[in-house]
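K.L.:
Before I ask anything, let me first share the structure, which is written out below as structure tokens.
The values are calculated or read from the model by the stated rules, or taken from the named source; none is laboratory data. All values reported here derive from a predicted model rather than from experimental measurement. Every residue, glycine among them, receives a Cβ derived from its backbone with ideal geometry; neighbour counts consider all protein chains shown.
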Amino acid sequence: MRDQPVCPVCRGEVRLWAEGNVSARQFFSAAEPYAIAAGARLRLPIYVCVECGHGMSPLDVDPGVVAEWYAEAKLDHMFLAGERARRLTARAVLRRMASLRHVPGSLLDVGAGPGIFVSEAARAGWQAYGLEPAAWAVHHGRDAFNVSMIKGDLLSPLDLPGKPFNVVTMFDVVEHAAEPLTLLRSAATVLRPGGLLVLTTPRFDSLLARILGRHWYCIFPAHLQYFTSNSLQLALAAAGFDVVKRLGHTRCVSWQYGWRRLCAWLVDGAWPASSRGARAMSIPVNFGDEFEVYARKR
């Protein structure tokens, strides 16, 4: 019998909130799990902490299997197609960072993907590095954007150039961690005292998430953690951070990406093609269901 899961944030008791229709073992063994999940609306079992409200999906597979899956991920054409919109989002975040730290310094983007944010940070004067497990993304960042990319993750021993950093960024990363406190503490170890952690993650206690319940589009098998205002505050404090700014994250998305996500959510992955002009458009989106948090290392 498997041990009863406990909250990874406060170690409180958890109760089943939503039955799963796929196991982590099945999902992370699939050839193209992202594509499969988009069509079938797959989800792992989700438990909710009775103390802090945190949502979590326990793994029934060795974490090494998950790490290998990320490392061997295939080239993401849809991600790259949204480059223009992602650059607009990055510039907005960099402007907010500048209001908290006026002089650019060293920056590490964890889970950097193909290096779009790293590229924008370098343009803004930062000594920027991207840390990313997927081989295709590391090569793309180096070749297409001429940015400094490091293959790996924070949980592996690495000799990181630029360490200790003035800023560590994690955009849509912490929800993928089986042990989120370990990840956040690892970020603290590579930051200077007073350094800034910037992260985004879906907000489990948002109005939209409560209305949609188990049909919320941020529920996805690769998401192992679902933070509430309370659980995110507790996690950051336990990792040695003080929150200095928190807001709802505004993300620019290409019309094509938004249309595809909407159709996948509404009609099980079938989507009509959009026009070429529409594909080039970018729109700001903020439904209040994603955190954008700035926290200082004590």
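K.L.:
For the range 50-72, what are the residues that are in contact with a helix residue (DSSP H, G or I) (Cβ under 7 Å, 6 or more places away or on another chain) and of a type in the set (A, V, I, L, M, F, W, C)?
P.N.:
Once the filter is applied, which keeps residues that are in contact with a helix residue (DSSP H, G or I) (Cβ under 7 Å, 6 or more places away or on another chain) and of a type in the set (A, V, I, L, M, F, W, C), the range 50-72 yields CYS52, LEU59, VAL61, ALA71.
K.L.:
Against the condition out of contact with any strand residue (DSSP E or B) (no Cβ under 8 Å at 6 or more places or on another chain) and closer than 26 Å to ALA92 by Cα, how does TYR217 come out, does it pass?
P.N.:
Working: out of contact with any strand residue (DSSP E or B) (no Cβ under 8 Å at 6 or more places or on another chain): yes; closer than 26 Å to ALA92 by Cα: yes.
Against the criterion (out of contact with any strand residue (DSSP E or B) (no Cβ under 8 Å at 6 or more places or on another chain) and closer than 26 Å to ALA92 by Cα), TYR217 qualifies.
K.L.:
Of all residues in the range 237-252, which are of a type in the set (Phe, Trp, Tyr) and surrounded by fewer than 14 Cβ atoms within 10 Å (Cβ to Cβ)? Lay out the reasoning, then the answer.
P.N.:
Let us first name the residues in the range 237-252 that are of a type in the set (Phe, Trp, Tyr), namely 241.
Listed by number, the list is empty, since nothing qualifies.
K.L.:
Condition first: surrounded by 15 or more Cβ atoms within 10 Å (Cβ to Cβ) and closer than 18 Å to PRO58 by Cα. Can you find one or more residues in the range 162-170 that meet it?
P.N.:
No, the range 162-170 contains no residue that is surrounded by 15 or more Cβ atoms within 10 Å (Cβ to Cβ) and closer than 18 Å to PRO58 by Cα.
K.L.:
Which count do you get for residues in the range 173-207 that are surrounded by fewer than 18 Cβ atoms within 10 Å (Cβ to Cβ) and among the aromatic types (Phe, Trp, Tyr)?
P.N.:
Result for the range 173-207: 0.
Here is a yes/no grid of residues against (1) acidic (Asp, Glu); (2) surrounded by 19 or more Cβ atoms within 10 Å (Cβ to Cβ); (3) in contact with a strand residue (DSSP E or B) (Cβ under 7 Å, 6 or more places away or on another chain); (4) at pLDDT below 95:
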{"residue": "LEU16", "(1), (2), (3), (4)": "no, no, yes, no"}
{"residue": "ILE46", "(1), (2), (3), (4)": "no, yes, yes, no"}
{"residue": "VAL50", "(1), (2), (3), (4)": "no, no, yes, no"}
{"residue": "LEU59", "(1), (2), (3), (4)": "no, no, no, yes"}
{"residue": "ASP76", "(1), (2), (3), (4)": "yes, no, no, yes"}
{"residue": "ARG96", "(1), (2), (3), (4)": "no, no, no, no"}
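K.L.:
Within the set of pairs 6+ apart or on separate chains, which have a first residue in the range 130-148 that is over 22 Å from VAL65 (Cα atoms), a second that is modelled with pLDDT under 95, and C-beta atoms under 9 Å apart?
P.N.:
HIS140/LEU75; HIS140/LEU80; ALA144/LEU80; SER148/PRO161; SER148/GLY162
K.L.:
Going by the conditions given, is VAL138 in a helix (DSSP H, G or I) and over 30 Å from GLN26 (Cα atoms)?
P.N.:
In short, no.
K.L.:
From the list ARG11, ARG41, which one is modelled with pLDDT of 95 or more and at positive phi?
P.N.:
Every option except ARG11 fails the conditions.
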